[in-house]
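These notes are about the structure you will find just below.
The values are calculated or read from the model by the stated rules, or taken from the named source; none is laboratory data. On a predicted model such as this, the values are computed, not experimentally measured, just so you know. Counting neighbours? That spans all protein chains shown, and the Cβs are built from the backbone with ideal geometry, glycine included. These accessible areas exclude ligands, DNA and RNA; they are computed on the full protein's heavy atoms, side chains included. Shrake-Rupley method; radii C 1.70, N 1.55, O 1.52, S 1.80 Å.
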Amino acid sequence: MVTIKQIAQEVGISPSTVSIVLGGKAAERKISKATQERIYDAAARLGYQPNMAARSLRDGTGANELVVAMFWAQDFRASMMVRFWDGLRAEMENCGRPVRLVIYPYVNDHLKECTALTSGANCHAALICNASYVDLQFLEDAQLPIPVVLYNRECKGYCSVNVDDVKMGALAARAFIDQGCRTAAVLTGQPVFAGMEDRIHGFRLELLHHGIALLPSRYCVNSIRGGYEAVIHRLHREWKDSIPDAIFCGSSMIAHGALRAFAEVGITGSALPRMIAVGNGAEEVDEFAVPSLSVVHLPMEEMACQCFQLALDLLDGKITTPESRMLPVEYLARETCGPIHPREDAE
């Protein structure tokens, strides 16, 4: 399949200019007739088949409706999609044009098999969420026919919206340190993208800087049951004689399972280890858990808004080079761990 990037290389101009011309917006963007003719001649010579975006805009069919595809991995993060969807829905309603969202579930490492993405036949733009290492390599090598924005991933040649994963881990460590913890453990799933490893790296570095011991750990299943079983197992093995002062959980789900396990064996109240999770679950569930769960908040709703805005900017030709947006993260202290104390060197 001939892509817009290939036409741009053939003509010697930017892909965004090619996209604007083939999308039927050359006149309003004041692109010269000569440039338009060069683009159309190259497209015909290379055998370019216009995707849905160009086809609908040029012949008027469905031109008033923007179709955005959201690709979401079918794994432990399925329940997290609601938060992303809430943010995306709010932004869609406020964008000033009719938008239809199409959700495509996919299996990690198999994004390349999604023909809706590789053909661009059914949507104008795509938001790709939860891509694995293999999926990111596919994206880096691919020449996709539609604008693509990545959620919480970075890949050469693509716009993306991210958070500082190292800082997420460091914030959790600082809270534990400020609560007087001396030993810490991690409960997290097998890393499926670099950010998961970065969170643990930031956590470890901050603990090391303050002389706090991080106990050896193994991965657990990234689910409520996984957190429950991990704690039960450790209470009979490595935590049999000494429970760590602090536990950093890779997800809210793991933390809720861990809290259930401790309660089941009678470890509650002041005997319960301090606990903080990456806050990627439903905020209300974390807030009303017993005890309420302290989290390093992942701003999924705002990230969804930013992803959609980038997709619109790509479609409108406002972005000509890949743009990465970094959103701030914050620690929310609740009952499972107290606050972070102000520091003199704080900005």
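The residues of segment 201-220 that are open to solvent by 90 Å² or more (accessible area, probe 1.4 Å) and either in contact (Cβ under 8 Å) with a residue 40 or more places away in the chain or assigned to a helix (DSSP H, G or I) (or both), listed by number, are ARG204, LEU208, HIS209. A residue that is free of Cβ contacts under 8 Å to residues at least 60 places away in the same chain, surrounded by fewer than 16 Cβ atoms within 10 Å (Cβ to Cβ) and among the aromatic types (Phe, Trp, Tyr) cannot be found anywhere in segment 228-235. Residues that are open to solvent by 10 Å² or more (accessible area, probe 1.4 Å) and touching a strand residue (DSSP E or B) at 6+ places or on another chain (Cβ under 7 Å) within segment 301-317 comprise GLU302, GLN306, LEU314, LEU315, listed in sequence order. Among residues that are open to solvent by less than 50 Å² (accessible area, probe 1.4 Å), of a type outside the set (Phe, Trp, Tyr) and within 24 Å of TYR106 (Cα to Cα), ILE146 is included.
Would you mind finding the one in ASP165, ASP198 that is modelled with pLDDT of 95 or more, open to solvent by less than 30 Å² (accessible area, probe 1.4 Å) and either aromatic (Phe, Trp, Tyr) or more than 23 Å from ASP316 (Cβ to Cβ) (or both)? Spell out the reasoning first.
Values: ASP198 fails: open to solvent by less than 30 Å² (accessible area, probe 1.4 Å).
Exactly one of ASP165, ASP198 is modelled with pLDDT of 95 or more, open to solvent by less than 30 Å² (accessible area, probe 1.4 Å) and either aromatic (Phe, Trp, Tyr) or more than 23 Å from ASP316 (Cβ to Cβ) (or both), namely ASP165.
Just so you know, in segment 21-36 the residues that are at pLDDT 85 or above and among the hydrophobic types (A, V, I, L, M, F, W, C) include one that is nearest to ASP316 (Cα to Cα), and it is ILE31. With the condition kept exactly as written, say whether any residue in segment 184-192 is open to solvent by less than 60 Å² (accessible area, probe 1.4 Å), modelled with pLDDT under 95 and either among the basic types (Lys, Arg) or closer than 30 Å to GLN309 by Cα (or both). The answer is yes, given that some residue of segment 184-192 is open to solvent by less than 60 Å² (accessible area, probe 1.4 Å), modelled with pLDDT under 95 and either among the basic types (Lys, Arg) or closer than 30 Å to GLN309 by Cα (or both).
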